[in-house]
1. Looking at the calculated P(r) for the range 248-382, what percent of the C-alpha pair distances fall above 22 Å?
2. What FRET efficiency would be calculated for the residue pair Arg267, Lys91, taking the C-beta separation as r and a Förster radius of 51 Å, to the nearest 0.05?
3. Scan the range 241-292 for chymotrypsin sites (Phe, Trp or Tyr not before Pro) in coil per DSSP, keeping those whose Cβ has at most 11 other Cβ atoms within 10 Å, and list them by number.
4. How much length is gained if the chain between His310 and Ser80 is pulled fully straight, taking 0.36 nm per residue apart and subtracting their Cα-Cα distance, in nm to one decimal?
5. Between the DSSP loop rule and a limit of at most 15 other Cβ atoms within 10 Å, which trypsin sites (Lys or Arg not before Pro) in the range 215-304 are left?
6. May I ask you to compute the full-extension gain from Glu126 to Arg35, defined as 0.36 nm times their residue separation minus their alpha-carbon distance, rounded to one decimal in nm?
7. Are there GluC sites (Glu not before Pro) in the range 206-305 that DSSP puts in a loop and that have at most 11 other Cβ atoms within 10 Å, and which ones?
8. Just how far, in whole angstrom, is the range 252-330 from the range 213-251 if you go by their alpha carbon centroids?
Amino acid sequence: MYLQLKKIRDAECVKMNQASNALLAIKMKDKCEWREELVAEKILLECDLRNKLIVNKIRELKYSEEYSQVYKKQWPHKGSISVSNFEFDVKNQDKPKNNKHTDFYVLALSHGTTLNMSKIATVNDENKLVFNDIFTLNGLEDNFVVNVEVYTLRLKTKKDNKLSIYRSLFKKKTHNCCTSKIYYEDVNVNELLQSEILSPSFTPCVNFTLTKHQIGNNALFISPPTESKFRNYVNVNVTVNSLDLGTDLSGFLTWGTKQDAVITWERKWCSLKGSSFSIYNYPQDEGYDRDPCESFNLEYCLVPLVKEVHNCPRKRTFVIKTGRPSTFRDSEGITLRKRQNFVLEKFYVSADNNEDYKKWTGTLESTLDTMRDWKRLVFVDDYYTTL
């Protein structure tokens, strides 16, 4: 792992050196084109940020290897999200008529060693800074933290008048950019090199984080610095593309269906794969890919799981509540508040022993909690639906 990260870091250092040389050449031109300088600055910033992410990962690697058994918690669930349409509200500021400079912005979104950069944007006439890019992040754990940071760069974009141009002819072309040294191995020549590179001129102006709690929330509160041009909120779309629950559990359970006041019990082979719950007559039916007797998706389940059923003749019984489309026979069924065309359906499930009971209820609770946190439950608003 370390050697792989080191190779990636060395490759980024080579890119940083090339980007720095290109930027320096642009700055030293007699007629510096601001568009070329802007693109070179963005490339240098991207290389610098990616290099820092890799270096931080290398530093954390030793700690995680030594203490993973004690401190690191394993999260079996992983998901994929899309983040898009960042919209910042910028404070209204008076612009001078003869202003020759323009403020450019770029957004960086990072998680682990993954870095996503937006296109370059400027504040529009409505004092809004909008990034229309769509970022996709895969393999996120339950406790993921995505860092979002906005950088700004002011460049001269309008030409000088004739007098200013005449004066500039007598000035010596210099650059006053900050520099730093990097040490890396160039894989092309297999040599350890030391290079002095330019530091990016982009400066950070606002930063915040995204977690699973921001999924589905459009308006987020942020805390920009006091001198920042940004107000304290941002609009952004965070949606879930997929959720790999990693759930794989099967075994015999006694399945009960209630009609009027009588519960009919049947012993069935039950299988939970991801969010799909299937009921078969025999284990071989699942092995031969036969159609299940009944199946449903946990996305339509209601939480919490009912783990204690009073006045039930069978011990170790729990209840799974789901919503299904109503039919003409459901005139007396309980209608769900969120969708009036769905009715509540309850399945009574009994385990053979305490071990199976804890295993099934624990797995179902963990899976449903994860799906609720990732906004994958359809009837989450019907949390308090009673039996």
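Readers should treat all values here as calculations from the given coordinates under stated rules, not as data from a laboratory. Please read all numbers here as calculations on a predicted model, not as lab measurements. Glycine gets a Cβ as well: all are built from the backbone with ideal geometry, and neighbour counts include every protein chain shown.
1. Roughly 39 percent, once rounded to a whole number.
2. Values: r = 68 Å, r/R0 = 1.33.
The computed FRET efficiency comes out at 0.15.
3. When the chymotrypsin sites (Phe, Trp or Tyr not before Pro) of the range 241-292 are filtered for loop state and at most 11 Cβ neighbours within 10 Å, Tyr288 remain.
4. 78.8 nm
5. Arg290
6. The span from Glu126 to Arg35 would gain 30.4 nm if fully extended.
7. Here the sparse-neighbourhood loop sites are Glu227.
8. Cα centres, the range 213-251 to the range 252-330: 34 Å.
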